[in-house]
Amino acid sequence: MYAQMVKTAGTGVKKPKDMTAEEKAFQAKIDRNEKIEPKDWMPDDYRATLIRQIGQHAHSEIVGQLPEGNWLTRAPTLERKAILLAKVQDEAGHGLYLYSACETLGVSRDELTEMLLNGKMKYSSIFNYPTLNWADMGAVGWLVDGAAIMNQVPLQRTSYGPYSRAMVRICKEESFHQRQGYAIMMKMAAGTADQKRMAQDALDRLWFPSLMMFGPSNKESVHSEQSMAWRIKINTNDELRQKFVDQTVPQIEFLGLTCPDKDIKWNEEKGGYDYTDPDWSEFFAVLKGNGPCNKDRLAARNAAWKNGAWVRDAMLAHARKKAARKAVAA
Ligand code: FAQ
């Protein structure tokens, strides 16, 4: 599962002297901060990198519904249930905008779905971890959506027009998700001793997996250099991880909880926290399909696809009938 269908890494960034005239003009457009639109000429690897990244991003939104969907029937109040339901539905919407953005690059949603279901395409590592108690709904919103926003706000300025425009709406909705998560954490952390213990437990389990969401360290990141030259990515993985840590540690303190990283320490000189990296061997094991929930997540998506076949068939039959009626009328 680690190696994927689109291989764009390892060739290094082309120097201007090695570029064709078309490639030079394309790079100049990126450097002027102009958007690339679907019908514009683009290098094959630019297209392939976008399909890989946007496709993975879309799959993450879809698979990402599962850990929270698990708690919809067990939300403690009607209000919490309504909020969680709205959030999970938003994630489905994000998946759909992103599949649409990806389709503008010449790949169909069916092809993308097939590659998710047969394990050829990835989705974010974080969704291979279980959600074990209600406080996890707080920690997912606060940390997972918080990390997602940190990564996605700069992506509003990504070079590919349809991706950047999808990000604008997605970021607005992710802000609501992050706040509802933090609101749950505030309630739990200020509640009974048991509730506070649940909040700490959720933070302890999700802290390092949340740091993994930003991808491997810069020296292990195979795509960053080229993706940044093309402004597909605006920041390195480590830059965003650092910003996330700097934003989140004061929030942990405000909650009265303890950061699971015992060595976390403010570094005056760098103006940020020194923190412990996640266990990268665990990260790569999750990417290879060996995380705690990889098999369950793929099984759930495959079952949904199989059980939804009759809906797709019915919609296609309806569309065929409608087209036939229209043809007769014409
Ligand atoms: N999980 O060279 P790099 C959300 C892979 S937000 C799995 O650094 P790149 C909201 C990477 O694909 C989550 N795989 O790669 C939500 C590559 O493998 P490949 C989704 C990962 O692309 C909240 C290899 O490692 N957000 O879902 C991960 O330059 C709550 C080498 O890595 C996005 O997708 C990972 N964490 O940088 C929904 C944001 N990290 O493809 C529901 C857009 C790396 O060669 C509930 N994506 N890999 O086989 C990005 O910004 C980038 O793709 C990165 C990775 C930063 C994730």
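The values are calculated or read from the model by the stated rules, or taken from the named source; none is laboratory data. Since the model is a prediction, treat every value here as computed from it, not as a measurement. Methodologically, a virtual Cβ is constructed for each residue, glycine included, from the backbone with ideal geometry; neighbour enumeration extends over all protein chains shown.
For region 282-296, check the following and say yes or no: at least one residue is in contact with a Leu (Cβ under 7 Å, 6 or more places away or on another chain) and on the phi < 0 side of the Ramachandran plot.
Residues of region 282-296 that are in contact with a Leu (Cβ under 7 Å, 6 or more places away or on another chain), as a first pass: none.
No, every residue in region 282-296 fails to be in contact with a Leu (Cβ under 7 Å, 6 or more places away or on another chain) and on the phi < 0 side of the Ramachandran plot.
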| request: Scan region 290-298 and give yes if some residue there is touching a Pro at 6+ places or on another chain (Cβ under 8 Å) and closer than 30 Å to Phe244 by Cα, otherwise no. | output: yes
| request: Could you please find all residues in region 49-80 being more than 7 Å from the ligand (Cβ to nearest atom), closer than 28 Å to Ser159 by Cα and out of contact with any Leu (no Cβ under 9 Å at 6 or more places or on another chain)? | output: Thr49
| message | Which of the numbered conditions does Ser164 fail, given that it passes all the others? Conditions: (1) within 30 Å of Asp313 (Cα to Cα); (2) small (Gly, Ala, Ser); (3) surrounded by fewer than 23 Cβ atoms within 10 Å (Cβ to Cβ). | response | (1)
| request: Consider Ile184 carefully, then state whether it is outside any helix (DSSP H, G or I) and at pLDDT 95 or above. | output: no
| Limited to region 86-118, what total is found for residues that are surrounded by 14 or more Cβ atoms within 10 Å (Cβ to Cβ), within 23 Å of Leu287 (Cβ to Cβ) and not hydroxyl-bearing (Ser, Thr, Tyr)? | 11
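Quick one: count up the residues across region 194-225 that are small (Gly, Ala, Ser) and in contact (Cβ under 8 Å) with a residue 24 or more places away in the chain. Can you show your working first?
Restricting attention to region 194-225, the residues satisfying the condition of being small (Gly, Ala, Ser) are 199, 202, 210, 215, 217, 221, 224.
With in contact (Cβ under 8 Å) with a residue 24 or more places away in the chain added as a condition, the list becomes 199, 202, 210, 217.
The qualifying residues number 4.
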| said: Looking at region 37-55, I want the residues that are on the phi < 0 side of the Ramachandran plot and outside any helix (DSSP H, G or I) and have a partner that is at pLDDT 95 or above and among the aliphatic types (A, V, I, L, M) with Cβ atoms under 9 Å, at least 6 apart or on another chain. Which pairs are those? | reply: Pro38/Leu105; Trp41/Ala25; Met42/Ile36; Met42/Leu50; Met42/Leu105
| query | Which one of these does Ala75 not meet: (1) within 22 Å of the chain's Cα centre (by Cα); (2) among the aliphatic types (A, V, I, L, M); (3) under 30 Å from Gln195 (Cα atoms)? | reply | (1)
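Search region 209-219 for residues being more than 16 Å from the chain's Cα centre (by Cα) and within 10 Å of the ligand (Cβ to nearest atom), and hand back the single one that is farthest from Tyr129 (Cα to Cα).
In the first step, residues of region 209-219 are kept if they are more than 16 Å from the chain's Cα centre (by Cα); the result is 217-219.
Imposing the further condition that a residue be within 10 Å of the ligand (Cβ to nearest atom) reduces the set to 217-218.
Working: Ser217: 21, Asn218: 24 Å.
Selected residue: Asn218.
A quick yes/no check of all residues on (1) without any contact (Cβ under 8 Å) to a residue 24 or more places away in the chain; (2) more than 9 Å from the ligand (Cβ to nearest atom); (3) surrounded by 18 or more Cβ atoms within 10 Å (Cβ to Cβ):
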| site | (1), (2), (3) |
| --- | --- |
| Gln152 | yes, no, yes |
| Gln156 | yes, yes, no |
| Glu174 | no, no, yes |
| Gln180 | no, yes, yes |
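Per-residue answers, yes or no, for (1) among the hydrophobic types (A, V, I, L, M, F, W, C); (2) away from the ligand (no atom under 16 Å from the Cβ); (3) modelled with pLDDT under 95; (4) exposed (fewer than 14 other Cβ atoms within 10 Å of the Cβ):
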residue: Gln200; (1), (2), (3), (4): no, yes, no, no
residue: Trp207; (1), (2), (3), (4): yes, no, no, no
residue: Ser221; (1), (2), (3), (4): no, no, no, no
residue: Met228; (1), (2), (3), (4): yes, no, no, no
residue: Lys243; (1), (2), (3), (4): no, no, no, no
residue: Leu257; (1), (2), (3), (4): yes, yes, no, no
residue: Lys265; (1), (2), (3), (4): no, yes, no, yes
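Each row is one residue, and each column tells you yes or no for (1) more than 9 Å from the ligand (Cβ to nearest atom); (2) surrounded by fewer than 18 Cβ atoms within 10 Å (Cβ to Cβ); (3) within 25 Å of Asp201 (Cα to Cα); (4) without any contact (Cβ under 8 Å) to a residue 60 or more places away in the chain.
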position	(1), (2), (3), (4)
Ser124	no, no, yes, no
Pro130	yes, yes, yes, no
Ala135	yes, no, yes, no
Ala147	no, no, yes, no
Ile184	yes, no, yes, no
Met188	yes, no, yes, yes
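Tally up the residues in region 285-310 that are farther than 12 Å from Lys122 by Cβ and either of a type in the set (Asp, Glu) or within 15 Å of the ligand (Cβ to nearest atom) (or both), please.
The first filter runs over region 285-310 and keeps only residues farther than 12 Å from Lys122 by Cβ, leaving 285, 290, 292-293, 295-296, 299-310.
Subsequent filtering for residues that are either of a type in the set (Asp, Glu) or within 15 Å of the ligand (Cβ to nearest atom) (or both) retains 285, 290, 292-293, 296, 300-301.
Here the count works out to 7.
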